[in-house]
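The values are calculated or read from the model by the stated rules, or taken from the named source; none is laboratory data. For clarity, every value in this text was computed on a predicted model and none was experimentally measured. Heads up, the Cβs are rebuilt from the backbone with ideal geometry, glycines too, and the neighbour counts pull from every protein chain shown.
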Ligand SMILES: [Fe+2]
């Protein structure tokens with residue numbers, strides 16, 4: 001059984017599904033891939049889209065009804081993909097945010113694509129101090145982290161969770177992302193895999209093929225570990241992050257030393 005914790009299936013609220021027809025097609029594809037449970041995580045505070053808890057809960061109920069009416073055996077839950085900004089704590093206290101577990105433990109946090117803002121560590125620590133476990137969405141697509149894995153390692157060591165996106169691991173968006181995805185699994189820098197599904201052709205699920213690749217490369221135990229972690233998160237249970245594997249990572253290119261006084 002596959003649980004998907006990151007998806008853009010609610011029609012017309014962000015850059016994911018645009019119509020109910022899109023959502024229904026994607027839901028059927030999910031069932032074909034063996035996905036049984038999906039958390040719906042529209043973008044929030046990403047500079048383009050704001051989606052607030054109360055509305056998402058209502059839209060999730062409506063989408064569940066549409067799936068039930070269409071005979072699609074898929075259970076959906078309200079969630080959110082929250083861009084890390086200075087609004088996080090205010091939104092949290094104003095009850096505008098949704099966790100992935102529905103109990104306020106796991107929040108899906110998005111960083112900008114190109115950089116890791118200077119306040120990131122401080123804000124993540126503020127969440128951890130509030131009893132929250134931040135889940136870093138698709139760290140393998142962040143340009144700064146791709147160049148220096150130790151940035152992500154620090155977040156994982158603080159108590160965050162890394163969420164790999166299946167399409168990065170599929171090889172369909174390039175060798176570079178595939179390499180980073182493999183490295184992150186091997187090094188224990190990601191603990192779950194989700195789809196971040198947006199579109200039936202351009203950004204589909206890739207969950208089934210992703211787990212198949214994982215089984216071939218890392219064994220069935222790794223697949224089970226990732227699936228168990230996804231289930232623990234949706235249930236609000238603790239997950240065990242294997243820190244033994246997160247030994248100091250060094251992929252940062254070394255600067256050439258200049259020998260003072262030779263010239
Ligand atoms: Fe997303």
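Okay, here's what the table says:
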{"read-out": "Members of the stretch 179-210 found to be more than 16 Å from the ligand (Cβ to nearest atom), in a helix (DSSP H, G or I) and more than 14 Å from residue 162 (Cα to Cα), listed by number", "value": "179, 208, 209"}
{"read-out": "Residue within the stretch 195-205 that is over 28 Å from residue 144 (Cα atoms), touching a strand residue (DSSP E or B) at 6+ places or on another chain (Cβ under 8 Å), in contact (Cβ under 8 Å) with a residue 12 or more places away in the chain and surrounded by fewer than 22 Cβ atoms within 10 Å (Cβ to Cβ) present", "value": "no"}
{"read-out": "Only one of 127, 146 that is away from the ligand (no atom under 16 Å from the Cβ), surrounded by fewer than 22 Cβ atoms within 10 Å (Cβ to Cβ) and farther than 29 Å from residue 201 by Cα", "value": "127"}
{"read-out": "Residue within the stretch 122-132 that is out of contact with any strand residue (DSSP E or B) (no Cβ under 8 Å at 6 or more places or on another chain), in a helix (DSSP H, G or I), at pLDDT 95 or above and over 21 Å from residue 86 (Cα atoms) present", "value": "no"}
{"read-out": "Members of the stretch 45-76 that are in contact with a helix residue (DSSP H, G or I) (Cβ under 8 Å, 6 or more places away or on another chain) and under 23 Å from residue 139 (Cβ atoms)", "value": "45"}
{"read-out": "Residue within the stretch 41-53 that is within 16 Å of residue 204 (Cα to Cα) and either modelled with pLDDT under 95 or within 20 Å of the chain's Cα centre (by Cα) (or both) present", "value": "yes"}
{"read-out": "Matching residues in the stretch 1-40 - criterion: being under 27 Å from residue 86 (Cβ atoms) and more than 18 Å from the chain's Cα centre (by Cα)", "value": "13"}
{"read-out": "Only one of 154, 140 that is within 16 Å of the ligand (Cβ to nearest atom), at pLDDT 95 or above and part of a helix (DSSP H, G or I)", "value": "140"}
